[in-house]
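Chemist: Before we start, here is the structure in question, set down as structure tokens.
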Amino acid sequence: MKMVLASKNQKKMKEMNEILSTMGVEVCLQADVGIDIDVEETGTTFEENSLLKAKAVMEASGLSAIADDSGLCVDALNGAPGVYSARYGGEGLDDTGRYKLLLANMPKGEARTAKFVSVITCCFPNGDVLTARGECPGTIAFAPMGEGGFGYDPVFFLPKLKKTFAQLTAEEKNAISHRGLALEAFQEKLEEYLK
Ligand code: IMP
């Protein structure tokens, strides 16, 4: 089955493809089907934004479209940056600037628990919608560690593994990450849907 991916984040795309290709799903890029859409993420939940993106790409391409909306929710910051993870601190910041700002904003002496959340939505041209959610608990490190991954990976610490996401291989991260878990749940729903 062919699906158009509603994202331009190359690293995220790579992670999604590594997992989705094992399901026999052929994921193609917007450019492959001649569209180029940037959907404004006006929702206040991961579910809303994920649906907005998948629906817009499905409508523009006429093909099934899959979107992921994800972010980091920090307990001591009342769930921030949350759905605003990609825009935390404003437009001028890059990934490094954003995680440095997060470290600076962490309240001293409070718990550093956090979770990554991913919501995958697939919109089919007949109007059907499949949604799956994955969460990965961890803590916010005191300083960045590791070179892999993207985004907040260097500061997202997994106490059981004593490593940040950025210190894991792609396979290790996919096995436990919010996106990996959401994709696993999505696979089950898709298999059921296609029966
Ligand atoms: P989205 O493209 O709207 O889903 O933005 C998600 C943002 O959350 C990304 O730009 C990253 O800042 C952050 N994020 C989501 N997943 C991850 C991850 O696996 N590692 C690090 N940062 C992530």
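Chemist: Which residue pairs have Cβ atoms under 7 Å apart, sit 6 or more places apart or on different chains, and have a first residue in the stretch 163-178 that is hydrophobic (A, V, I, L, M, F, W, C) and a second that is part of a helix (DSSP H, G or I) and modelled with pLDDT of 95 or more?
Modeler: Listed by first residue and then by second, the contacts come to 165/153; 166/153; 166/154.
Chemist: Shifting gears a bit: Restricting to the stretch 68-82, count the residues that are touching a Phe, Trp or Tyr at 6+ places or on another chain (Cβ under 9 Å) and part of a loop (DSSP other than H, G, I, E, B).
Modeler: Residues flagged as touching a Phe, Trp or Tyr at 6+ places or on another chain (Cβ under 9 Å) and part of a loop (DSSP other than H, G, I, E, B) within the stretch 68-82 amount to 1.
Chemist: Counting only residues that are without any contact (Cβ under 8 Å) to a residue 40 or more places away in the chain, give me the strands (runs of 3 or more DSSP E) lying completely in the stretch 102-161 with at least 3 of them. If you could, list the steps in order and put the result at the bottom.
Modeler: Values: elements: 113-123, 129-140, 156-158.
Correct list: 129-140.
Chemist: Out of 125, 137, 154, report the one residue that is within 9 Å of the ligand (Cβ to nearest atom), under 30 Å from residue 187 (Cβ atoms) and not basic (Lys, Arg).
Modeler: Numbers: 125 fails: within 9 Å of the ligand (Cβ to nearest atom); 137 fails: within 9 Å of the ligand (Cβ to nearest atom).
Checking each option against the conditions leaves just 154.
Chemist: Just to check your reading of the model, which residue among 169, 139 is of a type in the set (Ser, Thr, Tyr) and either within 16 Å of the chain's Cα centre (by Cα) or within 18 Å of residue 75 (Cβ to Cβ) (or both)?
Modeler: Numbers: 169 fails: either within 16 Å of the chain's Cα centre (by Cα) or within 18 Å of residue 75 (Cβ to Cβ) (or both).
Just one listed residue meets the conditions, 139.
Chemist: Got a number for residues in the stretch 146-162 being over 18 Å from residue 111 (Cα atoms) and surrounded by fewer than 16 Cβ atoms within 10 Å (Cβ to Cβ)?
Modeler: Qualifying residue count, the stretch 146-162: 3.
Chemist: Which of the following residues is out of contact with any helix residue (DSSP H, G or I) (no Cβ under 8 Å at 6 or more places or on another chain) and aromatic (Phe, Trp, Tyr): 150, 142, 157? Outline the logic, then answer.
Modeler: Values: 150 fails: out of contact with any helix residue (DSSP H, G or I) (no Cβ under 8 Å at 6 or more places or on another chain); 142 fails: out of contact with any helix residue (DSSP H, G or I) (no Cβ under 8 Å at 6 or more places or on another chain).
The unique qualifying residue is 157.
Chemist: Would the stretch 12-22 turn up any residue that is surrounded by 16 or more Cβ atoms within 10 Å (Cβ to Cβ) and within 9 Å of the ligand (Cβ to nearest atom)?
Modeler: Checked the stretch 12-22: at least one residue is surrounded by 16 or more Cβ atoms within 10 Å (Cβ to Cβ) and within 9 Å of the ligand (Cβ to nearest atom).
Chemist: Still on this structure: Do you know which residues across the stretch 83-99 are near the ligand (Cβ under 8 Å from one of its atoms) and either of a type in the set (A, V, I, L, M) or surrounded by fewer than 10 Cβ atoms within 10 Å (Cβ to Cβ) (or both)?
Modeler: Taking the stretch 83-99 and keeping what is near the ligand (Cβ under 8 Å from one of its atoms), we get 83, 85-86, 88, 95, 98.
Correct list: 83, 86.
The values are calculated or read from the model by the stated rules, or taken from the named source; none is laboratory data. Computed from a predicted structure; not experimentally measured. FYI the Cβ positions are ideal-geometry reconstructions off the backbone, even for glycines, and counts take in every protein chain you see.
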